[in-house]
Amino acid sequence: PSSAIWVDDGASYSYSSTVSAGSGKQYALTGTSGGLDSPISASGSESGSYVTQWSATFSKSGLGSDAGSSTILTVGSTQYSYSTFPSGAIWVNDNTAYSFAGTVSVSGGTKRYALTGTSGGLATPITASGSESATYGTQWKVTFSQSGVDSSAGSNTVLTVGSTPYAYDALPSSVYLDSGTTFSWASPVSGGEGKQFVKTGGSGASPISAAGTYSATYGTQYQVTFTSSGLDGTVDSATKVVTVGGSDVAYGQLPYQNWFDSETTYSFYSTVASTTSGKQFSLTGTSPASPISGSTGSTVTGTYKTQYSLTVTSAYGSPTGAGWYDSGATPTFGVTTPDGTSGTRYVLASWSGSGAGSYSGSDASHSVTMSNAITETASW
């Protein structure tokens, strides 16, 4: 009625709570005003107020019942959890805003669900009927830790999670990551010139499938060059000169450079043979001393001196002075006179020497200067 109508005394009236408009639209009574009684017992007026409502359907996937009472969907001021989530279409007032939770927590704090996307095209605020679906993925609370890498690693990558690299001072401590996220620990990690860190162990396999701690253990390595001083081309290339961590390095490999664990021990051979007969090299020192550490520097040198052999031979008596002597040394050699037997004795007649600087003569003892191998032979 567009104007006043006559109504019998005692007639009752009511406004419809909802008025269908078809195609997912209706009007909902929000209130009345005017004070006209029902049933009617006096003249008066009454006005009904309506709001437009739209049919909206919401759905979700990827969530488990462990989401419990955590809010998943908010429509206007109404919050819906896993157990109260609308199973079918609901009527929503025109221009009502809605949102799906970005993350849905799970009791225990080590697991949650993260919104990965929505589909359906239902606008917010709602101005027409429609539907919207939210997809969630599982996330786990993960702690990454490492031991052995120090601040010398600087900005170099230690850990890569997914496609994101992390340096030493940026490692994520406790973060939520999607189930199936891959990660990898870098090895080696540069610690600056001549230093690096190598992964030696750890716990937790990639990809991530549960909450927990994923760790890596690193050992320090140093780049060290081994070389020698005092050896010359008379050393065969295959002759062993130094042992590093149980492995031999030959003369032909020097200078030898490689990465070695901190505290790796090494030793140079005390004597190194020469292809020249009667010549050898004797170790006088190693600098720096074993084992390898951060303070050893980048080069380890074994220093050798040249030695020559003095050979003293005699058919009788006891020769003295034979041995290895440093180049330039002046050793004395000789022989004791043997006792005679049965009326016979032997008398030293002379020495016959071979090699530069050797002695030939009748002295019972004599000194020679060692610049090469020398042989002294007694004649009786």
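Looking only at residues of the range 1-33 that are open to solvent by less than 60 Å² (accessible area, probe 1.4 Å) and of a type in the set (Gly, Ala, Ser), we find that the one that is modelled with the lowest pLDDT is GLY22. In the range 264-279, the residues that are farther than 17 Å from GLN307 by Cα and assigned to a loop (DSSP other than H, G, I, E, B) form Cβ pairs under 7 Å with partners that are open to solvent by less than 70 Å² (accessible area, probe 1.4 Å) and of a type in the set (S, T, N, Q), at six or more places apart or across chains, as follows: THR265/SER290. The one condition from (1) surrounded by fewer than 17 Cβ atoms within 10 Å (Cβ to Cβ); (2) out of contact with any Asp or Glu (no Cβ under 7 Å at 6 or more places or on another chain) that PRO291 does not meet is (2).
Taking the criterion of being aromatic (Phe, Trp, Tyr) and either touching a Cys at 6+ places or on another chain (Cβ under 8 Å) or part of a loop (DSSP other than H, G, I, E, B) (or both), the only residue of the range 287-317 that qualifies is TYR316. Scanning the range 257-280 for residues being open to solvent by less than 60 Å² (accessible area, probe 1.4 Å) and either at pLDDT below 95 or over 30 Å from GLY323 (Cβ atoms) (or both) gives a total of 3. How about the range 357-380: which of its residues are of a type in the set (A, V, I, L, M) and either modelled with pLDDT of 95 or more or in a strand (DSSP E or B) (or both)? Correct list: VAL368, MET370, ALA373, ILE374, ALA378. Say whether the condition of being modelled with pLDDT of 95 or more, surrounded by 16 or more Cβ atoms within 10 Å (Cβ to Cβ), in a strand (DSSP E or B) and polar (S, T, N, Q) is met by at least one residue in the range 328-335. Scanning the range 328-335, I find no residue that is modelled with pLDDT of 95 or more, surrounded by 16 or more Cβ atoms within 10 Å (Cβ to Cβ), in a strand (DSSP E or B) and polar (S, T, N, Q), so the answer is no.
Applying the condition of being among the β-branched types (Val, Ile, Thr) and more than 30 Å from VAL75 (Cβ to Cβ) to the range 1-57 and asking which residue is nearest to the chain's Cα centre (by Cα) yields ILE40. Scanning the range 215-242 for residues that are farther than 30 Å from SER145 by Cα, among the β-branched types (Val, Ile, Thr) and either in contact (Cβ under 8 Å) with a residue 40 or more places away in the chain or exposed (fewer than 15 other Cβ atoms within 10 Å of the Cβ) (or both) yields THR225, THR227, THR234, VAL235, VAL241, VAL242. Being on the phi > 0 side of the Ramachandran plot and part of a loop (DSSP other than H, G, I, E, B) is the filter here; which residues of the range 201-246 pass it? GLY204, GLY230, GLY245, GLY246 - these are the residues of the range 201-246 that are on the phi > 0 side of the Ramachandran plot and part of a loop (DSSP other than H, G, I, E, B). Considering only residues of the range 294-303 that are within 16 Å of GLN223 (Cα to Cα) and small (Gly, Ala, Ser), which is surrounded by the fewest Cβ atoms within 10 Å (Cβ to Cβ)? Here the answer is SER295. Among residues that are among the polar types (S, T, N, Q) and either farther than 30 Å from GLY192 by Cα or in contact (Cβ under 8 Å) with a residue 24 or more places away in the chain (or both), THR377 is included.
Considering every residue within the range 180-200, establish whether at least one is more than 27 Å from SER293 (Cα to Cα), part of a loop (DSSP other than H, G, I, E, B) and open to solvent by 40 Å² or more (accessible area, probe 1.4 Å). Taking every residue of the range 180-200 in turn, at least one turns out to be more than 27 Å from SER293 (Cα to Cα), part of a loop (DSSP other than H, G, I, E, B) and open to solvent by 40 Å² or more (accessible area, probe 1.4 Å). Return a yes/no flag: does the range 181-190 have any residue that is modelled with pLDDT of 95 or more and over 12 Å from the mean Cα position of the chain (by Cα). Yes; the residues of the range 181-190 include at least one that is modelled with pLDDT of 95 or more and over 12 Å from the mean Cα position of the chain (by Cα).
Of all residues in the range 126-145, those satisfying the criterion of being in contact with a Gly (Cβ under 7 Å, 6 or more places away or on another chain) and open to solvent by 50 Å² or more (accessible area, probe 1.4 Å) are SER129, SER131, THR135, LYS141.
Residues that are closer than 30 Å to TYR325 by Cβ, touching a Ser or Thr at 6+ places or on another chain (Cβ under 7 Å) and among the small types (Gly, Ala, Ser) do not occur anywhere in the range 204-227. Quickly run through the range 304-313 and pick out the residues that are over 10 Å from MET370 (Cβ atoms) and either open to solvent by less than 30 Å² (accessible area, probe 1.4 Å) or touching a His at 6+ places or on another chain (Cβ under 6 Å) (or both). Correct list: TYR304, VAL312. Residue-level check: of (1) touching a residue at least 40 places away in the same chain (Cβ under 8 Å); (2) over 30 Å from THR213 (Cα atoms); (3) of a type in the set (Val, Ile, Thr), VAL106 misses just (2).
The values are calculated or read from the model by the stated rules, or taken from the named source; none is laboratory data. Quantities reported herein were computed from a predicted structural model and do not represent experimental measurements. Because the Cβ atoms are built from the backbone with ideal geometry, glycine has one as well, and the counts that use them run over all protein chains shown. With ligands, DNA and RNA removed, areas are computed over all heavy atoms of the protein, side chains included. Shrake-Rupley method; radii C 1.70, N 1.55, O 1.52, S 1.80 Å.
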